[in-house]
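First comes the structure, then the notes that go with it.
The values are calculated or read from the model by the stated rules, or taken from the named source; none is laboratory data. Please read these numbers as outputs of a predicted model, since none were measured by experiment. Cβ coordinates were reconstructed from backbone atoms using ideal geometry, including for glycine residues, and neighbour counts include every protein chain displayed. These accessible areas exclude ligands, DNA and RNA; they are computed on the full protein's heavy atoms, side chains included. Shrake-Rupley method; radii C 1.70, N 1.55, O 1.52, S 1.80 Å.
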Amino acid sequence: MEDDTVRRIGIIGVGEIGKAIVEGLLSGGGASPEVFLSPRGARVAGELSERFEDVQVCADNQEVVDRSELVVIAVRRQDHHEALAGLKVDDDKTVVSLMAGVAIDDVRRTLATGAPIVRAIPLPAVRERRSVTVTCPSHPAVDALFEHLGGAMSVADENAFNVFSALTGTLTAHYAYLATLTSWATRHGIAPDVADQYVRCLFQNVGRSLNDESRPLHQLAAVHETPQGNNERIRTTWFDPANAAALGEALDGLLADLK
């Protein structure tokens, strides 16, 4: 971490993303911040405190706030009123909310604070410091934190932020798609481990092709298929206009719930 970044970070709600943030901050060597974890998610918090000497598990959420300069709130949105009720957050703190579908004004009302509040969408790959995190609004300390974890992409308003939040809702559908391919191959006599290995290899190569930023995504699709070839056949018979429209409708529904 650079000398001008936050030195004391607290995390309320230590689930998968909270754990990934801690690992990204503390696994890379060099100077690192002190990290204070809430007892919520006690098993994961205890494991992290054993692995990293700069991690401490606090007695309660108020202690996390009191000992931190920047507080990350990583609880489920349906739990946030219970988790944050009664917390006193001084105006000189910085609050980072990772809660999808919870507006800044809602967080501010719950905490009754004048502290800066920033929303963010970190992904699990922050543990390897290779995931761009969307933030709203831009804030120097928060953007510096996520730049350290792979990059920060700031958006000016919560409407745009919610669009990016909806896009992240497609991640597990991608994994399920890959698992469906593996199951299909298995039904046709391929050993499950061999099918799994091949599908992983196939789409790891697709992932690497995304590094070619000189062409938009629709052009990448075009250059990976030949007229009347196998790829064109699957794209046009399975991912047809009706399926594309259904995906758009699903995203519209999710976006409406996030507003």
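Computed over the chain, the percent of Cα pairs more than 36 Å apart is 25. When Rg and Dmax are taken over the Cα atoms of the stretch 130-214, they come to 17.9, 55 Å.
Average accessible surface for the stretch 164-243: 80 Å² per residue, computed with a 1.4 Å probe over protein heavy atoms with every protein chain in place.
Of all aspartates and glutamates in the structure, those lying under 13 Å Cα to Cα from K88, and not within fewer than 8 positions of it along the same chain, are D60, E63, D66. What base-10 log of the normalised intensity I(q)/I(0) is obtained for the stretch 77-120 from the Debye formula, alpha carbons as equal point scatterers, at q = 0.13, 0.24, 0.33 Å⁻¹? Summing over Cα pairs of the stretch 77-120 leads to -0.23, -0.82, -1.43.
Rounded to the nearest 20, the size of the Cβ-charge dipole of the stretch 101-259 about its Cα centre is 320 debye, with Lys and Arg at +1 and Asp and Glu at -1. For the stretch 190-259, the direction-averaged projected area of the alpha-carbon convex hull comes to 7.3 nm².
Highest mean packing comes first when the peptides 44-53, 58-67, 71-80, 181-190 are listed by Cβ atoms within 10 Å, giving 71-80, 58-67, 44-53, 181-190. Of the beta bridges in the stretch 24-176, as assigned by DSSP with both residues counted there, near 20 percent are antiparallel.
Cα centroids of the stretch 49-99 and the stretch 186-259: how far apart, whole angstrom? Answer, in whole Å: 39.
Restricting to the chain, what percent of DSSP beta bridges are antiparallel, rounded to 5? Bridges in the chain are about 10 percent antiparallel. Taking the Kirkwood radius as Rh and the Cα radius of gyration as Rg, the stretch 20-80 has a ratio of Rg/Rh equal to 0.95.
Placing a pseudo-label 7 Å from each Cα along the Cα-to-Cβ vector at A156 and R130 gives an inter-label distance of 3.4 nm. For the chain, the membrane-span-like helix rule (DSSP H, alpha carbon extent of at least 18 Å along the helix axis, mean Kyte-Doolittle at least 0.5) picks out 241-258; this says nothing about an actual membrane.
Taking the 1.4 Å solvent-accessible surface of the chain as the whole, the part contributed by carbon and sulfur is 53%.
Working ranking of peptides 249-255, 7-13, 37-43, 125-131 by packing, defined as the average number of other Cβ atoms within 10 Å per residue, highest first, is 7-13, 37-43, 125-131, 249-255.
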